[in-house]
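Enquirer: To start, I am sharing the structure in question, which I have written as structure tokens.
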Amino acid sequence: MGRKEKKSPFSSLTSLGIYRRVFLIFFIICILITIFSFQYYGRLASTIREESEAYLQEISRRIGANVDRIVNDNYDVLHTMAASLEYSGINKLEEAKKMLQKQKEGLGFESIYLIDQNGIAYDLSDLQTFLTLDKLVRKDLLSGKDSMSTTQLIQNKEYILFSVPLDDMNIDDKTMVALAASYAPSSFDQVLSMSSFNDQAYSQIVTMNGAVVVRSSSSYAFKSGYNIFSTLEGLIIGDTKLSDVMEEMAVNASGQIRFNLDGRETYMVYTPVAPDNWYLMSFVPVEVVNEKSNLLLKSTLVICGMIAVTFAGLAAALVYIFNNHKRKLEQIAYVDEVTGGHTIQRFYELAEELLTSNHNLRYALVYTNIVKFKVLNDELGRINCDAMLRFFSDYMNKKISESECIGRQSADHFCILIQFSDEYELLDKFRIWHEQAEQIVMDMKVAWSLPVMEFGIYVIDNNTLTFPQMIDRAKLALRESPRTIDSKLRCAFYDDEVRRQLLREKQLEDRMEAALNNGEFVVFLQPKYHLPEERIGGAEALVRWKSTSEGMIFPDEFIPLFEKNGFIIQLDLYVFETVCRTLRRWIDQGMTPIRISVNCSRLHFKDKNFLTEYVRIAEEFQLDKSLIEIEVTESMVLENSVRLISIIRNIKKAGFECSMDDFGSGYSSLNLIQTIPVDVLKLDKIFFHGEGVDLSRTEAVVTNIISMAKALSMETVAEGVEEREQVDMLKRAGCDYIQGYVFAKPMDIPAFECLAADNVKG
């Protein structure tokens, strides 16, 4: 048997038609692969373009945030300088210059100016100039507003001018209305740099109208003249029009466009920054952004030509590069640039995963805040404060478990998703962590110590809330007085009642100004009955809010709020003026005036000149000031007894009477009587109300207090007296006046006049 002849692979393809069919099949396969490849190429190009554009937006946003930081830091420094100058009491220009010169050292300002009401600027030299500013800046500067100019020509050099108002300081017989500082536009160069694009990218700042504020020093920057819009006219690529960009900028929107200048396509990303009419313009050549992606796409086309041979390798290369690009974007989106930990976006994702996978565990959302972090930034510097934030992030990441997570929201604010069993266990955990961290910092021997930390805690019991809503509730918890765990650790749990209270306070705040203007605040008078004859010998002025929408709102609801927001100062002056007007009318009508006491909030005492307005009002109505008694509270003594004594003496020097209200309500001691030089001592109602009050023991205490007061030439008033036997006891004790429901409740002025007509003390 002979050896079998080996057949050729193509020996059976004897027909031309078969060859043609094979070629056709091969060609079709090539066409299909080519179509698929080009489709894939198109999708890849689109994805890379979208991600690149998103990347540019993120970089621009971060640069804008740094610009905002510089602007805000400059304002903070100027406000501090202005406050120091106002508090110093300096009234000579040379003294002011010396003080400002000393404060200017180490700052980034070129020069400091005092500006009078005529717009004349006085710098730290002996020169004075009339600043050549645009009308809007000059208007803001002279009208008591924080102001920031575009690039201005000052002494033949271009500067940006920051200004803050002064409280009409009189220096060398000139009224200074503003403190300003010139800031070189080149100081923004480092912040505006975009080194990640081979130094071919650059940024500049323009106004909303396109006027250039800060130019880029980059050699690649195109010459835009003084207005960027005039340069971009007719250069924009695509469907977007320049008018569309201007409309978006008019409403503080961000975005990006492509334009072609001298044959070079360039991305322009626009982002609003401080102040409200400024925009950050970032320019990156398209070829630079797409440098790596273009290389990839060219390689893809080559590989598509090789079809079968290199298809697998191409796919692998594409997957690798795509994943690498994705990792870079994830690095930007998920890794915090200061701490190296999680960003808030990554925190949201991790927290959602943990809550979903561990629904049987109890979680809390914790919002942390470093107390007075801005002050620490000024004292320690940004480098040390960044190190502090990194330490906190690293330390907490080591302490939390795999079922917990942490991320930085902004500045010194962190969010923690933490597992716990009960509130006491959670607080104890924070305490232990804080103690251990404090010891570690001490052992590190760094330039900073562990700061005071606040933890707002929201126990997650509502799965319908978003994480931003949970964070808001944790923040709200800190609006109330946090519980002090130790000297540097404060914690507060969120309660829905807190939110309801804050909403109520917001409602009242929104209406208070209009209510005052509309006369909804009504002055009531509560009579003070003189003993022993029990006739009206005085009154206390109280305020009620008769709302047109909801009726009577009592003081215990709005007075604490007004104490917090400062509106109490306006309200006190309104009550005082109403009292003065009433006394004047009584005198003009031939009625016998009686002494009326008015309450004075502790906020008034922060202004050493607060009595000026009281004296002015009293003199406007031509009143004997002894008819008015200004009340201070006992609690003010604990805050600053030396200052309070000085204020009381000034009150009496001005001609007013002065009384101490609520004596005995807090930390009173009999020593206060001989220390505080008031004319009247008002015994708090706590002596006459409450569980366990023994009238005989009360009489012994009250008698002793009254005796000492009389020995010091003080009158005494007993508040909150509601029972007849208390009246008899106070008569025996020698009390001068009684104020309480046993005789009369607070009433409006017409009702008081009717009551007093037949009952005024003779």
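Enquirer: Modelled with pLDDT under 70 and of a type in the set (A, V, I, L, M): which single residue out of Leu78, Leu16 fits that description? Before the answer, list the steps.
Expert: Details: Leu78 fails: modelled with pLDDT under 70.
Selected residue: Leu16, the only one of Leu78, Leu16 that is modelled with pLDDT under 70 and of a type in the set (A, V, I, L, M).
Enquirer: Please determine whether any residue of segment 95-103 is of a type in the set (S, T, N, Q) and in a helix (DSSP H, G or I).
Expert: At the first step, the residues of segment 95-103 found to be of a type in the set (S, T, N, Q) are 101, 103.
Those left that are additionally in a helix (DSSP H, G or I): 101, 103.
Yes - at least one qualifying residue is present in segment 95-103.
Enquirer: Residues of segment 565-578 being among the β-branched types (Val, Ile, Thr) and out of contact with any Ser or Thr (no Cβ under 9 Å at 6 or more places or on another chain), which ones? Give the steps one after another, and end with the answer.
Expert: We begin by selecting, within segment 565-578, every residue among the β-branched types (Val, Ile, Thr); these are 568-569, 575, 578.
Once the filter is applied, which keeps residues that are among the β-branched types (Val, Ile, Thr) and out of contact with any Ser or Thr (no Cβ under 9 Å at 6 or more places or on another chain), segment 565-578 yields Val575, Thr578.
Enquirer: Within segment 694-702, does at least one residue satisfy the condition of being modelled with pLDDT under 90, outside any helix (DSSP H, G or I) and over 45 Å from the mean Cα position of the chain (by Cα)?
Expert: Yes; the residues of segment 694-702 include at least one that is modelled with pLDDT under 90, outside any helix (DSSP H, G or I) and over 45 Å from the mean Cα position of the chain (by Cα).
Enquirer: Test Arg61 against the stated conditions and say whether it is at pLDDT 80 or above, out of contact with any helix residue (DSSP H, G or I) (no Cβ under 8 Å at 6 or more places or on another chain), within 30 Å of Phe197 (Cα to Cα) and not assigned by TED's automatic domain parsing to the domain that holds Ile205.
Expert: yes
Enquirer: A further question follows. Might you let me know whether segment 661-681 holds any residue that is of a type in the set (Val, Ile, Thr), in a strand (DSSP E or B) and at pLDDT 85 or above? Outline the logic, then answer.
Expert: If we filter segment 661-681 for residues that are of a type in the set (Val, Ile, Thr), which is where we start, we get 673, 675-676, 678, 680.
Next, only the ones that are in a strand (DSSP E or B) stay: 680.
Adding the requirement that they be at pLDDT 85 or above leaves 680.
Within segment 661-681 (the criterion being of a type in the set (Val, Ile, Thr), in a strand (DSSP E or B) and at pLDDT 85 or above), the answer is yes, since at least one residue qualifies.
Enquirer: Look at Lys608 and say whether it is of a type in the set (D, E, K, R), assigned by TED's automatic domain parsing to the domain that holds Glu520, closer than 20 Å to Cys658 by Cα and surrounded by fewer than 17 Cβ atoms within 10 Å (Cβ to Cβ). Let's see the steps before the verdict.
Expert: Numbers: of a type in the set (D, E, K, R): yes; assigned by TED's automatic domain parsing to the domain that holds Glu520: yes; closer than 20 Å to Cys658 by Cα: yes; surrounded by fewer than 17 Cβ atoms within 10 Å (Cβ to Cβ): yes.
Spelling it out, Lys608 is indeed of a type in the set (D, E, K, R), assigned by TED's automatic domain parsing to the domain that holds Glu520, closer than 20 Å to Cys658 by Cα and surrounded by fewer than 17 Cβ atoms within 10 Å (Cβ to Cβ).
Enquirer: I'd like the full set of residues that are within 30 Å of Ile457 (Cα to Cα), without any contact (Cβ under 8 Å) to a residue 40 or more places away in the chain, out of contact with any Lys or Arg (no Cβ under 7 Å at 6 or more places or on another chain) and not in a helix (DSSP H, G or I), limited to segment 482-528.
Expert: Hits for segment 482-528 are Ser487, Asp495.
Enquirer: Now for a separate question. Any idea which of Ser487, Ser549 is within 30 Å of Glu423 (Cα to Cα) and of a type in the set (S, T, N, Q)?
Expert: On the way: Ser549 fails: within 30 Å of Glu423 (Cα to Cα).
Testing whether each residue is within 30 Å of Glu423 (Cα to Cα) and of a type in the set (S, T, N, Q) leaves just Ser487.
Enquirer: Quick check on Glu58: is it assigned to a helix (DSSP H, G or I), in contact (Cβ under 8 Å) with a residue 12 or more places away in the chain, charged (D, E, K, R) and surrounded by 15 or more Cβ atoms within 10 Å (Cβ to Cβ)?
Expert: Values: assigned to a helix (DSSP H, G or I): yes; in contact (Cβ under 8 Å) with a residue 12 or more places away in the chain: yes; charged (D, E, K, R): yes; surrounded by 15 or more Cβ atoms within 10 Å (Cβ to Cβ): no.
So Glu58 does not fit the description; no.
Enquirer: When you check Phe109 against the structure, is it under 21 Å from Asp189 (Cα atoms), in contact with a helix residue (DSSP H, G or I) (Cβ under 7 Å, 6 or more places away or on another chain), at pLDDT 80 or above and surrounded by 19 or more Cβ atoms within 10 Å (Cβ to Cβ), yes or no? I'd like the intermediate steps shown before the answer.
Expert: Details: under 21 Å from Asp189 (Cα atoms): yes; in contact with a helix residue (DSSP H, G or I) (Cβ under 7 Å, 6 or more places away or on another chain): no; at pLDDT 80 or above: yes; surrounded by 19 or more Cβ atoms within 10 Å (Cβ to Cβ): yes.
So Phe109 does not fit the description; no.
Enquirer: If you don't mind, there's one more thing I want to ask. For segment 334-354, give me each residue that is on the phi < 0 side of the Ramachandran plot and outside any helix (DSSP H, G or I). Give the derivation first.
Expert: Within segment 334-354, the subset on the phi < 0 side of the Ramachandran plot is 334-339, 341-354.
Across segment 334-354, the qualifying residues are Val335, Asp336, Glu337, Val338, Thr339, Gly341, His342, Thr343.
Enquirer: Could you pull out every one of the strands (runs of 3 or more DSSP E) wholly within segment 167-241 that has 1 or more residues that are at pLDDT 80 or above, of a type outside the set (Asp, Glu) and touching a Lys or Arg at 6+ places or on another chain (Cβ under 6 Å)?
Expert: Numbers: elements: 174-183, 202-207, 212-214.
So the answer is 202-207.
Enquirer: What single numbered condition from (1) more than 16 Å from Tyr279 (Cα to Cα); (2) out of contact with any helix residue (DSSP H, G or I) (no Cβ under 6 Å at 6 or more places or on another chain); (3) buried (at least 17 other Cβ atoms within 10 Å of the Cβ) fails to hold for Gly238?
Expert: Gly238 satisfies all of (1) more than 16 Å from Tyr279 (Cα to Cα); (2) out of contact with any helix residue (DSSP H, G or I) (no Cβ under 6 Å at 6 or more places or on another chain); (3) buried (at least 17 other Cβ atoms within 10 Å of the Cβ) except (3).
Enquirer: Continuing with this model, one more query. What residue, among those in segment 547-582 that are outside any helix (DSSP H, G or I) and under 18 Å from Phe605 (Cα atoms), is nearest to the chain's Cα centre (by Cα)? Quick ask: steps written out before the conclusion?
Expert: Going residue by residue through segment 547-582, those that are outside any helix (DSSP H, G or I) are 547-554, 566-567.
Checking the rest, the ones that are also under 18 Å from Phe605 (Cα atoms) come to 566-567.
On the way: Gly566: 17, Phe567: 19 Å.
Checking each candidate, the answer is Gly566.
Enquirer: Turning to a different aspect of this structure: From the list Leu465, Leu476, pick out the single residue that is without any contact (Cβ under 8 Å) to a residue 40 or more places away in the chain, surrounded by 12 or more Cβ atoms within 10 Å (Cβ to Cβ) and part of a helix (DSSP H, G or I). Before the answer, list the steps.
Expert: On the way: Leu465 fails: part of a helix (DSSP H, G or I).
Answer to the check: Leu476.
Enquirer: If you don't mind, there's one more thing I want to ask. Take the residues in segment 611-630 that are of a type in the set (S, T, N, Q) and either free of Cβ contacts under 8 Å to residues at least 12 places away in the same chain or not in a helix (DSSP H, G or I) (or both); name whichever of them is surrounded by the most Cβ atoms within 10 Å (Cβ to Cβ).
Expert: Thr612
Enquirer: Kindly check whether there is at least one residue in segment 426-439 that is touching a strand residue (DSSP E or B) at 6+ places or on another chain (Cβ under 7 Å), part of a helix (DSSP H, G or I) and exposed (fewer than 15 other Cβ atoms within 10 Å of the Cβ). Even if it seems obvious, please write down each step before you answer.
Expert: Here is the first cut: in segment 426-439, the residues touching a strand residue (DSSP E or B) at 6+ places or on another chain (Cβ under 7 Å) are 426-427, 430-431, 434.
Next, only the ones that are part of a helix (DSSP H, G or I) stay: 426-427, 430-431, 434.
If we keep only those that are exposed (fewer than 15 other Cβ atoms within 10 Å of the Cβ) too, we end up with 431.
Yes, some residue in segment 426-439 is touching a strand residue (DSSP E or B) at 6+ places or on another chain (Cβ under 7 Å), part of a helix (DSSP H, G or I) and exposed (fewer than 15 other Cβ atoms within 10 Å of the Cβ).
Enquirer: Filter segment 133-162 for residues that are within 23 Å of the chain's Cα centre (by Cα) and closer than 18 Å to Pro185 by Cβ; which is modelled with the highest pLDDT?
Expert: The extreme case among them is Phe162.
Enquirer: Separate question: Can Leu355 be described as surrounded by fewer than 18 Cβ atoms within 10 Å (Cβ to Cβ), of a type in the set (A, V, I, L, M) and touching a His at 6+ places or on another chain (Cβ under 9 Å)?
Expert: On the way: surrounded by fewer than 18 Cβ atoms within 10 Å (Cβ to Cβ): yes; of a type in the set (A, V, I, L, M): yes; touching a His at 6+ places or on another chain (Cβ under 9 Å): no.
For Leu355, the condition - surrounded by fewer than 18 Cβ atoms within 10 Å (Cβ to Cβ), of a type in the set (A, V, I, L, M) and touching a His at 6+ places or on another chain (Cβ under 9 Å) - is not met.
Enquirer: Is it the case, given these coordinates, that Gly720 is surrounded by fewer than 22 Cβ atoms within 10 Å (Cβ to Cβ), on the phi > 0 side of the Ramachandran plot and within 48 Å of the chain's Cα centre (by Cα)?
Expert: Values: surrounded by fewer than 22 Cβ atoms within 10 Å (Cβ to Cβ): yes; on the phi > 0 side of the Ramachandran plot: yes; within 48 Å of the chain's Cα centre (by Cα): yes.
Taking the combined requirement at face value, the residue satisfies it.
The values are calculated or read from the model by the stated rules, or taken from the named source; none is laboratory data. Computed from a prediction, not measured in an experiment: that's the story for all the values here. All Cβ positions, even for glycine, are placed from backbone atoms using ideal geometry, and neighbour counts span all protein chains on display.
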